[in-house]
Amino acid sequence: MSEHGFQFVISPRDPVETLKIRLLRTFPLVDDGEMPRRRQFYDTFDWRLYGKGLTLEEERTEQTRRIVMRDLRTGAVQRWAENLEMPRFAEELPRGPFRERLASIIEMRALLPVTEVRTHTHQLRLRDREDKTVARVEIELAAAGFSHLQRLGKRLQIVAVRGHPDPANQLAAFATEHLHLEPASNSLLDEALASHGRTAQDYSSQPAVDLDPREPAHEAVRRILLRLAHTIEVNVQGTREHVDTEYLHDLRVAVRRTRSMIGQLRSVFDRDQLRPYRDEFRWLGGITGPCRDLDVYLLAFDDLAAILPASQRAALEPFRAYLQKRHVEEQRRLSEWLTSTRFRSLMSNWRDFLVHPGPLYESAPDAKRKLKKVADERIWHAYQVLRDRGRAIKPKTKAARVHRLRIHAKKLRYLMEFFRGIYPRKKIGVYVGALKRLQQNLGDFHDYHVQADALRKFAAGMAQEGPVDDETLRAIEALARGLGKKQKQARKQFHNVFDDFDQQSNRALARELFRPGKKKK
Amino acid sequence: MRILATYNLKGGVGKTATAINLAWLAASEGARTIVWDMDPQGAASFYLRTRPKIRGGSKALLKGKREVDEVIKGTDYENLDLLPADFSYRHMDVHLEDTKKPVKRIIRLLRPLRAEYDFIFLDCAPSISTVSETVFKVVDALLIPLIPTTLSLRTFQQIVDFLDKKNLQHVQLLPFFSMVDRRKRMHTDIMTRLPLEWPGMLLSSIPYASDVEKMGIRRSAVGEHAANSVAAQAYRDLWSEIKSRLDIY
Ligand SMILES: Nc1ncnc2c1ncn2[C@@H]1O[C@H](COP(=O)(O)OP(=O)(O)OP(=O)(O)O)[C@@H](O)[C@H]1O
Ligand SMILES: [Mg+2]
């Protein structure tokens, strides 16, 4: 539940003391004194905490140091953990509620410092007849910045104690009517970020691009591709430094989306112009693969190991060490690729091309057609392929076909995500949901297969480097078989999952949303 | 999220004092904590300076007419909230028995609390009833204060027997000695004997101390009005031991 509270800005001309005296004269407030603090704010690269309406800070006073999670809007404290330094990953914290909560929000992402704020806070409390605190009032002076400090606005913060909204409301009314304070339009964190030219949520792995259904298709497509190029680029540094595993993941997803877009919307471009990029992005997809595969293994290692009986798990440790060693090697190689001229010229030429495609594209068949028309056609086509090939899969059909179906599902999904903005929000949301469930099943089927395969390959690689304990080899083989079993289950479930996807209501929805040439309502 | 109940079918053994002091400790360490005062007498609510009253009473709450969210009260301590008692809780059994599935009702009530809080302390009334039986089914552990007397050992055995009879042997029991007076021969005797018979017994104990009694006058946790006292230290030790039993920190 969100906190009930208010934040006001105090004009620079209003002295804090006068304000405090006026409050103390009007309300029976307890003065809890003043508190100077240094507060270093942290969040993940993709602002997961901010996105949940929270802030996380390492807060130091003269005597204490703690990690505090607050409500972004009111600044009310939600949770804290004492005598700890900010961890890089949630799992570095001692087991307990704080870690559980943090992990559920940031998952595998690293915490990065975003800004530092020094505050000097006057703390007041309002009590009721039972002598119970029912509202907390803070007057806060703040300055932001790591090295040279920049003064921020003064704030008055009023937070209701839960179940006691009235006293806080009265305080807020007094602040508005008698102290003539304006409500704060942003949070302390936002203001601090702005003071050094940043904004929160400047990165999201699912960036939205504004689209107009009537604009020429090539313009929209180029904008989307530029956005994807940006996503690739902002993830390069974090990938090279291996800050956490999500940079590479997001980078790879952006590459795959780019490739899918190039393939499925080639009709808005000149083919010859596009060809070198198609090849180069395939190369980029290839060189980023090995590292990601190892990331996936290492992240899932404990879960995977849980397939085995506890007695066999210890035998896997040399295998973990081997994977870690391989990861270091692959990481170094990848890092070099990402600074290579080949990569850099790919990205700069690609950007150039997207911004100034030259006159050639004008002869491309779909370039100047309306976006909605082209999108409908492409999506409808991708949908029909998926539907027909899906229906053709019987319990005896070869696995390779099921794997190919996964690609078709992904193609459709990407198209729908690219052009989501031009379709009715709710309906496309429902349809994406249905497709997601199918993809989950196909993804499982594929992943178990690939993982089992890779396990055996890794084991072979490990054996080449030196003698491997039999126990370890047996454990790896048992793991691969366990995965094989899971893969069979996924295959069994496929038919039901596909029937669900292909049910009457979803078919009608697909027709309504995408079928080209349908009548306008 | 963990649910802990202070329970004993014997009255006046320190259940409420324990619930309040441990909840206060959990909150002061930064965990979001709530005490659900399930005793119609409302002692826990009193300590937390909140009127023991719920609009519509326990009936409205159990029947889903009122959301838990609307009746939760904050306290003087950041991070420590209270679900107050209500005099109608004395009929809670009846209301629960009325409803087809008492356990489901309570679980439904607890659902939003689980999502929000790290620790939920249930301060139970001293009885064996539908309410307490339901509590046994939802808790992670039962904290059982025992005064080291022969009589209270018998009540402990009764609790164990009851849980056996109801097929609830899996409930984690964390008994500990409460209101210990080391000058009393019987206390020290029992305290050396029982942990041998009952290895699950917590090693920390709470002494008989006027600072605990003062909670009623000061209306605050011992750690607040007597931070450096023996009793405050005893609660801190008890809390760390409980946490390590629950495999946290
Ligand atoms: N360790 C202690 N030392 C001294 N007095 C104590 C101690 N623990 C509790 N008391 C006092 O004993 C009385 C009963 O304690 P408390 O209310 O905690 O027990 P209870 O088991 O919850 O009782 P009830 O069964 O009535 O709910 C209270 O007046 C309390 O102040
Ligand atoms: Mg009690």
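Since every read-out is calculated from the coordinates, none of them should be taken as a lab result. Worth saying up front: this structure is predicted, and the values here are computed from it rather than measured. Every residue, glycine as well, gets a Cβ built from its backbone with ideal geometry; the counts of neighbours run over all protein chains shown.
Things to note:
- Dipole of the protein assembly as shown [Lys/Arg +1, Asp/Glu -1 at C-beta], most positive-end residue of A:Leu299, B:Leu142, A:Leu19: A:Leu299
- Crossing angle, helix A:371-391 versus chain A [Cα axis fit, 0-90 degrees, rounded to tens]: 60
- DSSP finds beta bridges in chain B, and of those with both partners inside it, around 5 percent are antiparallel.
- Dipole size of the protein assembly as shown about its Cα centre, with +1 on Lys/Arg Cβ and -1 on Asp/Glu Cβ: approximately 3800 debye, rounded to the nearest 20.
- Between A:Ala173 and B:Lys53, the modelled labels are 2.1 nm apart [label points 7 Å from Cα along Cα→Cβ].
- Reachable lysines from A:Lys132, criterion Cα separation under 26 angstrom, eight or more residues apart if same chain: A:Lys20, B:Lys15, B:Lys53, B:Lys73, B:Lys214
- DSSP beta bridges in the protein assembly as shown [antiparallel fraction, %, rounded to 5]: 70
- Gyration tensor verdict on the stretch A:70-168 (Cα atoms; rounded if a/c is under 1.5, prolate if a/b is larger than b/c, oblate otherwise): oblate
- Under 21 Å from A:Lys485, Cα to Cα: lysines that are on another chain or at least 8 residues apart: A:Lys394, A:Lys396, A:Lys398, A:Lys457
- The stretch B:66-116: relative contact order in percent, alpha carbon pairs under 8 Å with at least 6 residues between: 27
- Taking a sphere under 13 Å around the Cβ of A:Ala208 and counting the other residues whose Cβ falls inside, with K and R at +1 and D and E at -1, yields a net charge of +2.
- Separation of alpha-carbon centers, the stretch A:440-490 and the stretch B:198-213, rounded to whole Å: 53
- Selection of trypsin sites (Lys or Arg not before Pro), the stretch B:33-92, meeting DSSP coil and at most 12 other Cβ within 10 Å: B:Arg55, B:Lys65
- Shape call, chain A: gyration tensor on alpha carbons, a/c limit 1.5: prolate
- Of the trypsin sites (Lys or Arg not before Pro) in the stretch A:122-165, those whose Cβ has at most 12 other Cβ within 10 Å and which sit in DSSP loop: A:Arg129
- Cβ-derived FRET efficiency at R0 51 Å, A:Asp202 paired with A:Asp388, nearest 0.05: 0.75
- Cα gyration tensor category, rounded, prolate or oblate, for the stretch B:1-86 with a/c compared to 1.5: oblate
- log₁₀ of I(q)/I(0) at q = 0.09, 0.17 Å⁻¹ - the stretch A:5-194, Debye sum with one point per alpha carbon: -0.34, -1.15
- Across the stretch A:77-222, Cα pairs under 8 Å and at least six residues apart give a relative contact order of 15 percent.
- Charge dipole (Cα centre; +1 on Lys/Arg Cβ, -1 on Asp/Glu Cβ; no other charges) of the stretch B:153-209 amounts to roughly 200 debye.
- Cα centroid separation, the stretch A:263-324 to the stretch B:139-195 (Å): 56
- Only one residue of A:Phe281, A:Leu228, A:Gly238 has its Cα farthest out toward the positive end of the dipole of the stretch A:211-369, where Lys and Arg carry +1 and Asp and Glu -1 on Cβ, and that residue is A:Phe281.
- The Cβ shell under 11 Å around A:Arg60 holds other residues with a net charge of 0, Lys and Arg each +1, Asp and Glu each -1.
- Computed from Cα atoms, the angle from the helix A:470-501 axis to the main principal axis of chain A rounds to 90 degrees.
- The charge dipole of the stretch A:5-194, taken about its Cα centre with unit charges on the Cβ of Lys, Arg, Asp and Glu (plus for the first two, minus for the last two), comes to roughly 100 debye.
- Computed over chain B: relative contact order in percent, which uses C-alpha pairs under 8 Å that are six or more apart: 25
- Against chain B, whose longest principal axis comes from its Cα atoms, helix B:102-116 is set at around 80 degrees.
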